[in-house]
Amino acid sequence: MTRVLAALGGVLLLMAAALWWLNVRGDGRQEGAAADPSPAQVERGAYLARAGNCQDCHTPRGAAPYSGGRGIPTPFGTVYSSNLTPDVHTGIGAWSAADFRRALHNGRSRDGRLLYPVFPYDAYTRISATDADALWAYLRTVPAVAVPNRPHALRFPYDAQLALAVWRALYFRPGRFDAQPQQSAEWNRGAYLVQGLGHCSACHAGRNALGATRDALGLAGGLIPLQNWYAPALGGQPAPQVAALLQTGVAEGAALLGPMAEVALHSTQHLRPSDLLAMARYLQSLPRTPTVPPASSTASPLRLERGAKVYEVQCARCHGADGQGVARAYVPLAGNPAVLQEPPANLVQVVLGGAFPPSTAGNPRPFGMPPFATELGDEDIAAVLSYIRNAWGNRAGAVQALDVQRWRSSVRP
């Protein structure tokens, strides 16, 4: 019996050692301190913070920039962003550049605490040390605000550091961006921004039951948890159109809506055109996810007839009886890939909550669409969307009233 207990104890010690090693590997890369920041480094850091859209997540509405406390809902509870201002007691004023690098590259706080991957260090681990130091230098210049960090509201066992350590051992690998020598400098720059600072995989890659991204580099699309917006696949799209969307929020036949509209508003519209085109070139090189339309419509004739009547009353005045829309105002619905997308969550969100592209320097007064959440019931919304998805040569599955009811819960009228 004693030998059995000793063997069991040895196994547990080995498991604990392995778990510890898996969670501290790579920390040695953060040795050393950055030199005193120069104005050029601070300016570079401000640009990189825009590229990473850092302020959006770390600033609740109406609060001081980077003061933290914005709630980010997850299937496991709510995670609150931290104070990134240089306040010594509540922010990162006592941090060194090496501490900041470790948070980005390894997901560990200054005190060694493991950070939740809502802070996307699985992407930020690819950020170079030079860029990490520039970000740190910039954050040292924002006004310090004494706002204590708000405790996360996570359910057991997800609120335990041990559970997080196990998750990291399974799904997180610290790394770095490795440029591909067979690719152009532009392609590599785009890959660096998309995979790292842009953390596009946070929304545009599917997730498993424990919240880990699947095929983070493939960007094959996925439903954003609890928001019920579908982040579409990004591979194989025309680079000029993608660059225009990122810069202005609109392009020929397309517009950014929902969470991506916020990204364009706060982040991508402020990036250099060369960086936007590099990102678009990289995305264009990714495999395009094939879409296979159904052989025939799954909507009943009665549903399509009902949908046609709703469309005539509510939609035709802007999108046209032929679904062609108006250039740079109302997107066309005929032949629009976003209309045929599966699942049709975004269409439901647009009808329920309205459609509002971002106001950007390139498109300062965008045309919007009013919400219909209080005007149309679930059956009418399902009918009109089924009609749109099967009119003017479109062919896609029917939208069910049950889907509208399910996705309606995330929309505030």
Kindly check whether there is at least one residue in the range 124-137 that is surrounded by fewer than 19 Cβ atoms within 10 Å (Cβ to Cβ), touching a residue at least 12 places away in the same chain (Cβ under 8 Å) and not small (Gly, Ala, Ser). no
From Glu379, Glu375, grab the single residue that is in a helix (DSSP H, G or I), surrounded by fewer than 19 Cβ atoms within 10 Å (Cβ to Cβ) and acidic (Asp, Glu). Glu379
Condition set within 30 Å of Ser274 (Cα to Cα) and hydrophobic (A, V, I, L, M, F, W, C), scope the range 148-188, selection surrounded by the fewest Cβ atoms within 10 Å (Cβ to Cβ): answer is Ala185
Given the conditions (1) of a type in the set (Lys, Arg); (2) modelled with pLDDT under 95; (3) in the same structural domain as Pro39 (by TED's automatic domain parsing), every one holds for Arg207 apart from (3)
Check off (1) part of a helix (DSSP H, G or I); (2) in contact with a Phe, Trp or Tyr (Cβ under 8 Å, 6 or more places away or on another chain); (3) under 24 Å from Met260 (Cβ atoms) for Asp131 and give me the number that stays unchecked. (2)
Can you tell me how many residues within the range 250-268 are crowded, with 21+ Cβ neighbours inside 10 Å and in a helix (DSSP H, G or I)? 3
Just checking, does the range 329-348 include any residue being in contact with a Ser or Thr (Cβ under 6 Å, 6 or more places away or on another chain) and assigned to a loop (DSSP other than H, G, I, E, B)? no
Name the one entry in Gly353, Gly325 that is crowded, with 17+ Cβ neighbours inside 10 Å, closer than 23 Å to Gly222 by Cβ and not hydrophobic (A, V, I, L, M, F, W, C). Gly353
Are any of the residues in the range 59-75 more than 19 Å from Arg44 (Cβ to Cβ), at pLDDT 95 or above, assigned to a helix (DSSP H, G or I) and not aromatic (Phe, Trp, Tyr)? no
Within the range 358-393, the residues that are more than 20 Å from Val313 (Cβ to Cβ) and in contact (Cβ under 8 Å) with a residue 40 or more places away in the chain are Pro358, Ser359, Thr360, Ala361, Gly362, Asn363, Pro366, Gly393
Residues that are in contact with a helix residue (DSSP H, G or I) (Cβ under 7 Å, 6 or more places away or on another chain) and closer than 20 Å to Gly71 by Cα: find the helices (runs of 4 or more DSSP H) completely inside the range 148-249 holding 1 or more of those. 201-204
When residues of the range 173-209 are limited to those that are out of contact with any Phe, Trp or Tyr (no Cβ under 9 Å at 6 or more places or on another chain) and among the hydroxyl-bearing types (Ser, Thr, Tyr), the one nearest to Tyr282 (Cα to Cα): Ser184
For Asp215, all conditions in the list (1) surrounded by fewer than 18 Cβ atoms within 10 Å (Cβ to Cβ); (2) within 23 Å of Leu135 (Cβ to Cβ); (3) at pLDDT below 95 hold save one; what is the number of the exception? (2)
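The values are calculated or read from the model by the stated rules, or taken from the named source; none is laboratory data. From a predicted model like this one, the values you see are computed outputs, not experimental measurements. Note that each Cβ is placed from the backbone with ideal geometry, even for glycine, and that neighbours are counted across all protein chains shown.
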